[in-house]
Amino acid sequence: MAMEWICRALRDGALEGEHAPALTIKDFMASPLGFDVFTHFLSHHSTNISAGKSQSRGLVLVAFSRSPSFYLDLLSKRGLPIASSHHWIRILDCYTDPLGWKDQMGQCGSATKLSYDIASICGNVKDVDSLFSLIISLGRGFVVQGKVRFCVAIDSVNEMLRYASLSSVAGLISSLRCCDQISSIFWFCHADLCEERATSTLEYMSSMVASIEPLIQFANGQISNSENLSLLDQNFTRGKLHLRCKRRNGRVRVMFEEIHLGQSGINVTSTSFEGVINQGLVPKVQFSLQLSEKELKDRANVVLPFEHQGNGKPVQIYDGRKSLTDSKYEVAPIPNGISDIDKESGKGEIIYFRDSEDEMPDSDEDPDDDLDI
Amino acid sequence: METRSLLDEALGLQHLTGRVLLLEDCVETSAAFVLHHLLKRSLSQPLHSSNVVVFVAFAQPFSHYDRILRKLGCNLAAHRNDNKFVFFDMLRDFCPDGDNGKGNDGGLVSLYGKILKTISALPQENKNCVTVMIDDVSLMEVSAKGSTNLVLDFLHYCHTLISEFGCSLVMLNHEDIYSGMGRPTLILQMEYLADILIKAEPLATGLASDVHGQLTVVNRSIDDGERSRNKLCNFHFKVKENNVEYFYPGSRT
């Protein structure tokens, strides 16, 4: 469910007037499946783009940790139409010669073997401003007419952070999210290679954070413990994807599911839903904070005061004055103030009674007149 | 023969083409013998007679490796004359007169240029059979005046040789010198870079006369055909004068 949710969010893209949805994928040495998850989303989103099912019409891949030919081979193996790739993918090659060493030596990189339509080399990745310009200009290559959006994928934020300061990397990502030509953006990082503040900064800028965590946690985290070798072995092929997404209204949704690395990439092996997480989050106290199933059912059957309007009875809206027809419909109050409940139908009803006749209806005077506004 | 193949089985491949292999050791247990084993294997396998090793030595002079490999039955000097073994003596070339000729990059940019030039000059059939070996990365960091970033830049450029020519990269580093450091440490960055990690450690139960230590091999090979097996193995070893015995824990009395 979490994987599907992310794929849908990337496919649907940005709403008008909102920042592009952003996904952080992070992993740890104990569960190093993050790059496989990154390539899963990359290939899945590429399939949507090439089939015209996504808001974005193209993908700009910023390749720091692998060569452009690696990604084209990978997409080809996953069944994507590489022959027509120049229509939907551009690769900014920050891998082959990131610091211009080869350029100084007069050597040309492997990217030159690829068509210039698809890959272009960035010879100085330390210049974040030019990196931004290159990404945008590559994305504009997809624009045929009108307003077309494109997606940006960054395969290693760790490498970016090695070449540039956290503030400039954060500035680049923030600028990309603000850009109204970008439909969605996702990036990958090894969380244990970043300082904590860098991870937090990236997560603040993300609308979704997918964290790959080990299924089996060890207290010392050492692989040298030979007794645990078989258990540790499982962490290289299986893991738990923990997704935290922030909605526009500020609500945070948490999902997780178990993933497995197979021959063809990442597969989902079991799914757990949000509700399970929420139950786990309820503190253990002596009194009940949760409703039982029967209580939930009864609550659903309660007819709220506004819901029984319009069923033939006169509409009653309490306007602060005693209605002339009150006496006609008033049921004799019982001492504890609770009305009769139609037990046969199993439905509840809420009827309001004033405490007594002594209580005067509201007058015309302003109830807030004592406020010093 | 059987014991020797235990390490090769753990590596799970006939040759290391396109892989990054990291050797990690500590003060108590050196992994230099694994480096020597890989060096001999790269040069001696008849199936891969076009293999070329580019050896970047920060730790020992040529004569040291020559003597050890001779005991293992491999003549480095002869391979050097045949241009199958290219030796960069970083101790001699870069360190005699302090900082002379090193510049701000510790000579790593020019070292990369030399490696690239060496590989580019090879005949086409040899280019994808090149193994670049670095002994060791901690001393490379010293040469780069402690600049971890510069070492990582160099390793990144060596990694590009893999995608460009299909080379393999073998590097040795010492795990314990990074203990107690705040993250991110160079050793962790290297572990992420590696496809295969070999750790040499002392026995958890203490010293023993018949067992010199244990090796843990983590094979994160991306080759789908080998993904399911030899993922992670652990076995003991005993270093002898002319060879090394590998055996599973408990198989020796």
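The values are calculated or read from the model by the stated rules, or taken from the named source; none is laboratory data. Everything numeric here is computed off the predicted structure, so don't read it as measured data. Here the Cβ positions follow ideal geometry from the backbone for every residue, glycine too, while neighbour counts run over all protein chains shown. With ligands, DNA and RNA removed, areas are computed over all heavy atoms of the protein, side chains included. Shrake-Rupley method; radii C 1.70, N 1.55, O 1.52, S 1.80 Å.
Figure note: B:118, B:131 ranked by solvent-accessible area, largest first, 1.4 Å probe, ligands and nucleic acids not counted: B:118, B:131. Residues in the range B:29-45, backbone N under 12 Å from the label point at residue B:71 (7 Å along the Cα-to-beta-carbon vector): list them, ranges by number please. Only B:33 pass the distance filter.
Run the helix sum for chain B: -39,500 (n - 2.57) per DSSP H stretch of 4+ residues, divided by residue count, reported at 222 nm to the nearest 500 deg cm²/dmol. Provide the component values of the computation, followed by the final result.
Details: 10 runs with 92 residues, N = 253.
The helix-only estimate for chain B comes to -10500 deg cm²/dmol at 222 nm.
Burial of accessible area (probe 1.4 Å, heavy atoms of protein chains only) in the range B:188-215, relative to its chain alone, reaches at least 10 Å² for B:188, B:189, B:191, B:192, B:199, B:201, B:214.
Past 32 Å, Cα to Cα: identify those pairs from B:84/B:238; A:240/B:199; A:26/B:117, in the order given. Please list the in-between numbers first.
Working: B:84/B:238 30 Å; A:240/B:199 26 Å; A:26/B:117 37 Å.
Among B:84/B:238; A:240/B:199; A:26/B:117, the Cα-Cα distance tops 32 Å for A:26/B:117.
When the dipole is taken about the Cα centre of the range A:2-281, and only Lys, Arg (+1) and Asp, Glu (-1) are charged at their Cβ, what size is it in debye, to the nearest 20?
800
Residue A:15 sits with roughly 90 Å² accessible to a 1.4 Å probe, with DNA, RNA and ligands left out of the calculation. Taking GluC sites (Glu not before Pro) in DSSP loop states with no more than 10 other Cβ atoms inside 10 Å as exposed sites, chain B has its longest site-free stretch at B:3-240.
Residue B:179 contributes about 80 Å² of solvent-accessible surface, heavy atoms of the protein only, 1.4 Å probe.
Could you sort A:247, A:253 by accessible area so the largest value comes first, with the probe set to 1.4 Å? Could the numbers behind the result be given before it?
Working: A:247 100, A:253 40 Å².
Correct descending sequence by accessible area is A:247, A:253.
Taking every alpha-carbon pair in the range A:147-267 and binning the separations at 5 Å intervals from zero gives 2, 9, 15, 18, 18, 16, 12, 6, 3, 1, 0, 0 percent. Shielding of peptide A:191-202 by partners, expressed as the average count of other chain Cβ atoms within 10 Å per residue Cβ, is 2. Between residue B:148 and residue B:207, the simple spin-label model (points 7 angstrom out along Cα→Cβ) gives 3.3 nm. With the simple model of a label 7 Å out from the Cα in the direction of the Cβ, residue A:289 to residue B:177 spans 5.2 nm.
Rolling a 1.4 angstrom probe over the range A:2-281 with all protein chains present gives an accessible area of which 48% lies on carbon and sulfur atoms. Taking trypsin sites (Lys or Arg not before Pro) across the range A:15-94, the ones in a DSSP loop with at most 16 further Cβ atoms lying within 10 angstrom of their Cβ are A:53, A:78. Sparse packing (at most 16 other Cβ atoms within 10 Å of the Cβ) combined with a DSSP loop state is found for the following GluC sites (Glu not before Pro) in the range A:123-219: A:195. Within the range B:119-162, whose backbone N sits under 14 Å from a point 7 Å along Cα→Cβ of residue B:91? B:135-136, B:139-140, by backbone N distance to the label point.
The residues of the range A:21-101 expose on average 29 square angstrom of accessible surface per residue, using a 1.4 Å probe on protein heavy atoms.
Averaged over peptide B:158-169, the number of partner chain Cβ atoms lying within 10 Å of each residue's Cβ comes to 3.
Partner chain Cβ atoms within 10 Å, averaged over the residues of A:230-243 - can you pull that number for me? Before the final figure, lay out the partial values.
Values: counts 2, 0, 5, 4, 2, 1, 6, 3, 0, 0, 0, 0, 0, 0.
Averaged over the peptide's residues, the number is 2.
Kindly express, to the nearest 10 degrees and within the range 0 to 90, the angle between helix B:108-120's C-alpha long axis and the longest C-alpha principal axis of chain B. Rounded to the nearest ten degrees, it is 80. Compactness ratio for chain B: Cα radius of gyration over 2.2 N^0.38 Å (N = residue count) comes to 0.99. Take the accessible area of B alone and of A alone, subtract that of the pair with a 1.4 Å probe, and the total buried over both chains is about 3500 Å². For the range A:2-281, the normalised intensity computed at q = 0.10, 0.11 Å⁻¹ comes to -0.52, -0.63 (log10 of I(q)/I(0), Debye sum over alpha carbons, equal scatterers, no solvent). Of all stretches in chain B that contain no trypsin sites (Lys or Arg not before Pro) in a DSSP loop with at most 13 other Cβ atoms within 10 Å, the longest one is B:1-144.
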